[in-house]
Amino acid sequence: MNIPAGLTITAPLPERGEEVVTTSALELIARLHRELNGRRLERLAARQQVVADIAAGGTLDFLPETSGIREDASWRVADPAPGLVDRRVEITGPTDRKMTINALNSGAKVWLADQEDANTPHWGSVVGGQLNLLDAVSRTIDFTAENGKSYALKPDAELATIVVRPRGLHMDEKHILVDGEPTSGALVDFALYVSTAGLAQIGKGLGPYFYLPKMEHHLEARLWNDAFVIASEHLGFARGTIRATCLIETIPAAFQMEEILYELREHSAGLNAGRWDYLFSIVKNFRSRGSEFLLPDRNSITMTAPFMRAYTELLVRTCHKRGAHAIGGMAAFIPSKDEAINAAAFEKVTADKTREANDGFDGSWVAHPGMVETCREVFTSVLGERPNQIDNTREDVQVSAEQLLDIASAEGEVTEEGLRSNVDVALQYLRAWLGGLGAVAIHNLMEDAATAEISRSQIWQWLRGGIVLSDTGRTVTRELVEQIVAEVVETLPGEPSDYDEARQLFLEVAVSDDYADFLTTPAYARMD
């Protein structure tokens, strides 16, 4: 491995790291940084300006300057790529060795191989996840658990298609510097994969496929498209081989869905509708606007809330109008040994997936292999032998900016039970994240960073709003939050001292005067 001029790796490579941190990958990282990092930083600053404009009394709306794109009925995205035609069930999860094998073997059509919310950006995980992906594509991966159980891949024809989710554009990678500057975690994850396992996927008749997270503006999609073009040139394969599905998980992006598809159209594989990150984005962008944008207990906000329904209906309409897949949200349930818990959960998951399939979605997410069959059965009942329902263009859907912003339509109250639930989940998740785990089983649900983000953001919002809890009559204050944190810690698995660092981080992002855009940023600063 030859390190390009101006590039520095500040930590030792994990074992076998040179197999994915190759000279070609490093050259691509250096080029992407020099050509795109200035624009990345400009786009991050533009996000802050949106928040400032809203605080000054502004709002969000469909962009007048891009009306021509929305009104032009002639353009469509590229036809679905090999392995991405039928996406009726997708499984998500981190790129550790066991999950890699289980996800690929699960029977799902697609595996979202998560280097983002279900991962921690520990250097060993950043490189180790790429090694596991390379081993999976080359079929050299295996795993033996402590109990002696062995895991190996099924035949290629039975495996899910790999779609990698890199980190968001806001995250730095402090272990790789170019010209003395931290690189973009997103572009590092992208470059490492596309230069190694991604190239191997092309040889198998597939391609380097990605899920792009945390997007807030169509110019961010343009940046990604330019990264794809640069990589294609650098590595010598045809433009359009890379494909990307964008997560519409921020409220600014909900107003720019068509523009995002347009910017990526030769590389586009569709859009996905999130939940927790979308709600987190509402708090983040409208945090200064008082009761009009106040969210009730998170568990009371379902995808059938009018403003959430407007967002998902618009997503399906937008995707199918342009020939793209529309992918539904997460079923985070983990099958339990308790039959009553299982029965209630499977009933809820079935209802959620039925709603999505009937609304026109082409597929949906699950977090556990035990939920794959339920999701597949629901979508197959609507799709039949068809691989998707892109031809269902939902021309009946008409969504206004007012509907997308009708946050007050959410039913529910702010309760102490909800406050305690947010504290409980956030503390358990942060403890695990700081310890190196990004996907954590908590109360029969597989949680990732999005849950911690909405949990701490709601508490920050309730505290600033002086909310009176409907079930106890107590007012949310810093003192009350600190008291509840102290009480909840005593009830969590392990010793209270196990949560000291998580508790400190949680209070830093939940009750401080300044709102942290992402809790993973100060958390990453605590990592070596």
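The values are calculated or read from the model by the stated rules, or taken from the named source; none is laboratory data. Values in this document were obtained by computation on a predicted structure and should not be read as measured data. Using ideal geometry, Cβ is built from the backbone for each residue, glycine included, and neighbour counts are taken over all protein chains shown. Each accessible area value is taken on the protein alone, full model and side chains, heavy atoms only, with ligands, DNA and RNA left out. Shrake-Rupley method; radii C 1.70, N 1.55, O 1.52, S 1.80 Å.
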**Report entry** region 23-32 - phi-based ³J(HN,Hα) in whole Hz, Karplus 6.51/-1.76/1.60, Gly and Pro as x
**Finding:** 4, 5, 5, 5, 4, 5, 4, 4, 5, 4
Query raised in the report: What full-extension length gain, to one decimal in nm, is calculated for ALA145 and ALA157 as 0.36 nm per residue of separation minus the Cα-Cα distance?
Result: 1.8 nm
Requested in this report: Determine the gain in length on full extension of the stretch ASN2-ALA55; use 0.36 nm per residue of separation and subtract their C-alpha separation, reporting nm with one decimal.
Outcome: 14.2 nm
Query raised in the report: Could you sort VAL51, VAL126 by accessible area so the largest value comes first, with the probe set to 1.4 Å?
Result: VAL51, VAL126
Query raised in the report: Taking only C-alpha pairs under 8 Å that are 6+ residues apart, what is the relative contact order of region 331-476 in percent?
Result: 24
Requested in this report: Give the accessible area for ASP135 in Å² (nearest 10); use a 1.4 Å probe, count only protein heavy atoms, and leave out ligands, DNA and RNA.
Outcome: 10
Query raised in the report: Using only the Cα atoms of region 221-331, what do you get for the radius of gyration and for Dmax, in Å?
Result: 16.1, 54
**Report entry** Cα→Cβ-extended label distance, 7 Å offset, between VAL229 and ILE341, nm
**Finding:** 5.1
Query raised in the report: Rounded to the nearest whole Å², what accessible area per residue is found for the chain with the 1.4 Å probe?
Result: 37
Query - Per residue Cα convex hull volume in Å³ - calculated over region 1-139 - result: 209
Report task. Rounded to whole Hz and in sequence order, give me ³J(HN,Hα) for region 64-77 from the Karplus expression 6.51 cos²θ - 1.76 cosθ + 1.60, θ = phi - 60°, writing x for Gly and Pro. Result -> x, 6, 10, 4, x, 5, 5, 8, 7, 7, 7, 8, 9, 7
Requested in this report: Report the relative contact order of the chain, percent, no decimals, based on alpha-carbon pairs under 8 angstrom and at least 6 residues apart.
Outcome: 17
Requested in this report: Report the relative contact order of region 248-360, percent, no decimals, based on alpha-carbon pairs under 8 angstrom and at least 6 residues apart.
Outcome: 31
Requested in this report: Starting from the amide H of GLU173, placed 1.01 Å from N in the peptide plane, find each other amide H under 5 Å away whose residue is 5 or more places distant or on another chain.
Outcome: THR183, SER184, GLY185
**Report entry** Cα-based Lys proximity count in the chain, under 19 Å, for pairs eight or more positions apart or on separate chains
**Finding:** 9
Query raised in the report: Nearest 20 debye, what's the magnitude of the dipole of the chain about its Cα centre given +1 on Lys and Arg Cβ and -1 on Asp and Glu Cβ?
Result: 1000
Report summary line: For LEU13, the accessible surface traced by a 1.4 Å probe with all protein chains present amounts, in square angstrom to the nearest 10, to 50
Requested in this report: Run a plain Debye calculation on the chain (Cα atoms as equal point scatterers, no solvent) and give log10 I(q)/I(0) at q = 0.06, 0.08 Å⁻¹, rounded to two decimals, same order as the q list.
Outcome: -0.26, -0.48
Query raised in the report: Dipole magnitude of region 371-528 about its Cα centre, charges +1 at Lys/Arg Cβ and -1 at Asp/Glu Cβ only, in debye to the nearest 20?
Result: 120
Report task. Before rounding to the nearest 500, sum -39500 (n - 2.57) across all DSSP H runs of length at least 4 in the chain and divide by the residue total; then give [θ] at 222 nm in deg cm²/dmol. Result -> -14000 deg cm²/dmol
Query raised in the report: In whole percent, how big is the carbon plus sulfur part of the accessible area of region 5-154, probe 1.4 Å, protein atoms only?
Result: 51
Query - With DNA, RNA and ligands ignored, accessible area of LYS321 (1.4 Å probe; Å², nearest 10) - result: 60
Query - Rg in Å to one decimal, and Dmax rounded to a whole Å, for region 406-469 via C-alpha atoms - result: 13.0, 39
Query raised in the report: Any number yet on Rg/Rh for region 105-157, C-alpha, Kirkwood?
Result: 0.98
Query raised in the report: Using 0.36 nm per residue, how much length does the chain from THR10 to THR66 gain when fully extended, once their Cα-Cα distance is taken away?
Result: 15.9 nm
Query raised in the report: What do you get when you divide the Cα radius of gyration of region 461-522 by 2.2 N^0.38 Å, with N the number of residues?
Result: 1.22
**Report entry** Alpha-carbon radius of gyration plus Dmax, which is the widest Cα pair, for region 267-314 in Å
**Finding:** 12.3, 40
Requested in this report: Starting from the coordinates of the alpha-carbon atoms of region 162-235, obtain the Kirkwood hydrodynamic radius over all distinct pairs and give the value in Å to one decimal.
Outcome: 13.0
Report task. Hey, can you grab everything whose amide H is under 5 Å from the amide H of LEU445? Only 5+ residues off in sequence or another chain; H modelled, so Pro and N-termini drop out. Result -> ILE334
Report summary line: Share of accessible surface on carbon and sulfur in region 254-411, whole %, 1.4 Å probe and ligands ignored, is 49
